[in-house]
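Shown next, in structure tokens, is the structure this report addresses.
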Amino acid sequence: MIALSLAEIASAVDGRLVAADPAVQVTGSVEFDSRKVTPGGLFVAFDGEKVDGHDFADSAVQAGAVAVLGSREVSGVPMIIVADPLAAMARLARAVVDRLPELTVIGLTGSSGKTTTKDLIAQLTARLGETVAPPGSFNNELGHPYTALQAGPSTRYLVLEKGARGIGHVRYLCEVAPPRISVVLNVGVSHIGEFGSQENIALAKGELVEALPAEGLAVLNADDPLVDAMAERTAARVVRYGEAAHAEVRAAEVTLDERGRAAYTLVTPEGSASVRLGLTGRHQVWNTLAAAAVARELGMPLAEIAVGLGALGLVSTRRMDVFERPDGVTVIDDSYNANPASMAVALRALAGVGAGRRTLAVLGYMAELGEYEEQGHTEVGRLAAELGVDRLLVVGDTAAPIHRGATSVGDWGGESVLLTDQAAAVEVLRSELRPGDVVLVKGSRYRTWEVADALRAEADPATGGGAA
Ligand SMILES: Nc1ncnc2c1ncn2[C@@H]1O[C@H](COP(=O)(O)OP(=O)(O)OP(=O)(O)O)[C@@H](O)[C@H]1O
Ligand SMILES: [Mg+2]
């Protein structure tokens, strides 16, 4: 964070100083986990359901915190008292962002691919200047200000993922860190249970471009009609990316290699360049186009964009992480999360990587689909069969419609089995995997990870397992 006095912080968050010297400066980071506090920092105490951060105020001070931002006094601790520490953290983040005129805030949202594309954009902007981007999916009312608070005087780019579970969420996050560039990736059906309809999801995601100033830029996916139409909801300039003819930043002549990695011609108003990606999955064409559109806006020459895109790597885990086991099995660990759209891109990647090889997919439940749940799972199963996946392991009763969808495809030559849990899936894999197989692991978080971890552990003698 930039150095701010306790008086400045109290004024930014409308807080009351208690036992604190207003002139003392916070020079370190803002932390809500007392174990992360370093000298000169500020500790934020949340009164949570399980833990009350105020109980750790003393240890935070011992670790070097110059004050604690909390909702009640703790004797002997310099405090900034506010009614709501989370809201105060957001206001403080805004105060920091407002004090950094050279900072460009890049926000992105969409139903799938936010974290992936955030990581891609951040890798490109890092070639231009100091970049702050959160690790993983830190995209909510806590992760957002926490990340923004890491920006300092030398930070040039702040790349933030803006997640939405309801109308108004993105708008709120845009008040914390107002974007100058807003990227909207797609409107799918994730969280449709909470939103009610796809139109409502589009309404919520579009708040990201409504928040732009006139001199800002909206980067919109030309291939997604609901995103394309968001051009009408912004005062800012619009640049479209995609494969559609009207996209200014466009991919043409897309090809995939045997590892499912795309190459394409990047076509822009300034000219064309060849791009060869090291990332697996055709969907990375869309994500890298979005990143290219941002880099172009920031003045990166086309040739450098092409080189930058070719050098992109994976940053956040469990997203299209392809690894080879010593026993000749290829694993696609895409187990971080799942919704129907991301299942589709992952299954297509499996089909691509697995061309000419035996393919297996371990698929789990997709959460938060509401009334679309049955249909969403069924369609995924059907797609797996249509793509010719050889062996489908469907995990858990809640995911059973995937199994039914697959087996409803009459001319499918593959086989599906419905398993009770992840351990059962690991057992089946252990007995069935053969050298040359390609396995995809995907589902909505947590337990699906166990399957990917087991496949990894068995591949790595150092962690105790032998090759299956
Ligand atoms: N542009 C895309 N379109 C559809 N699916 C995608 C796209 N990019 C990535 N995916 C798929 O979505 C999965 C999740 O990606 P990622 O974690 O980047 O999404 P996210 O939007 O950040 O998700 P969350 O809402 O959980 O934070 C990937 O593992 C991949 O299977
Ligand atoms: Mg994410």
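The values are calculated or read from the model by the stated rules, or taken from the named source; none is laboratory data. Computed from a predicted structure; not experimentally measured. For neighbour counting, all protein chains shown are included, and Cβ atoms are generated from backbone atoms with ideal geometry for every residue, glycine included. Heavy atoms of the whole protein, side chains included, go into the accessibility calculation; ligands, DNA and RNA do not. Shrake-Rupley method; radii C 1.70, N 1.55, O 1.52, S 1.80 Å.
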I'd like the distance separating the alpha-carbon centroids of region 326-378 and region 70-127, in whole Å. 33
Loop-located GluC sites (Glu not before Pro) in region 260-313, at most 15 other Cβ atoms within 10 Å (DSSP): GLU270
Percentage relative contact order, region 345-435, counting C-alpha pairs under 8 Å, at least six apart: 27
What's the magnitude of the charge dipole for region 253-315 around its Cα centre, counting Lys and Arg as +1 and Asp and Glu as -1 at the beta-carbon? Answer in Debye, nearest 20. 180
Nearest-5 percent of antiparallel DSSP beta bridges in region 1-80? 40
Among SER416, SER137, THR330 the positive-end extreme of the charge dipole of the chain (Cβ point charges): THR330
So the FRET efficiency between ARG72 and SER154, C-beta based with R0 = 35 Å and rounded to 0.05, is 0.45
Sticking to Cα atoms, compute the Rg of the chain to one decimal and its Dmax as the biggest Cα-Cα distance, whole number, in Å. 23.8, 76
Quantify how much of the Cα-Cα distance distribution of region 190-312 extends past 21 Å, in percent. 43
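Go ahead and run the numbers for FRET between ALA3 and ILE167, Cβ-Cβ distance against an R0 of 35 Å, rounding to 0.05.
Result of the calculation: an efficiency of 0.40.
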Surrounding net charge for THR420, when Lys and Arg each add one and Asp and Glu each subtract one, Cβ distance under 12 Å: -2
Debye-sum result for region 39-169 in log10 I(q)/I(0), which assumes one identical scatterer on each alpha carbon, at q = 0.13, 0.18 Å⁻¹: -0.63, -1.03
Ranked order, TRP449, TRP286, TRP412 - accessible area, probe 1.4 Å, largest first: TRP286, TRP449, TRP412
Radius of gyration, Dmax [region 115-157; alpha carbons; angstrom]: 10.3, 28
So the FRET efficiency between ASP327 and ASP52, C-beta based with R0 = 56 Å and rounded to 0.05, is 0.70
Compute the acute angle (0 to 90°) between the alpha-carbon long axis of helix 422-432 and the principal axis of greatest extent of the alpha-carbon atoms of the chain; round to the nearest 10°. 40
Three principal axis extents, largest first, for the C-alpha atoms of region 13-100, in Å? 34, 26, 23
Under a point-charge model restricted to the Cβ atoms of Lys and Arg (+1) and Asp and Glu (-1), what is the dipole moment magnitude of region 299-364 relative to its Cα centre, in debye to the nearest 20? 220
Cα pair distances of region 108-198 binned at 5 Å [whole percent]: 3, 14, 25, 27, 17, 9, 4, 2, 0
How large is the convex hull of the C-alpha atoms of region 63-102 per residue, in Å³? 84
If the chain between ARG430 and ASP411 were fully stretched, how many nm would it gain, using 0.36 nm times the residue separation less the Cα-Cα distance? 4.1 nm
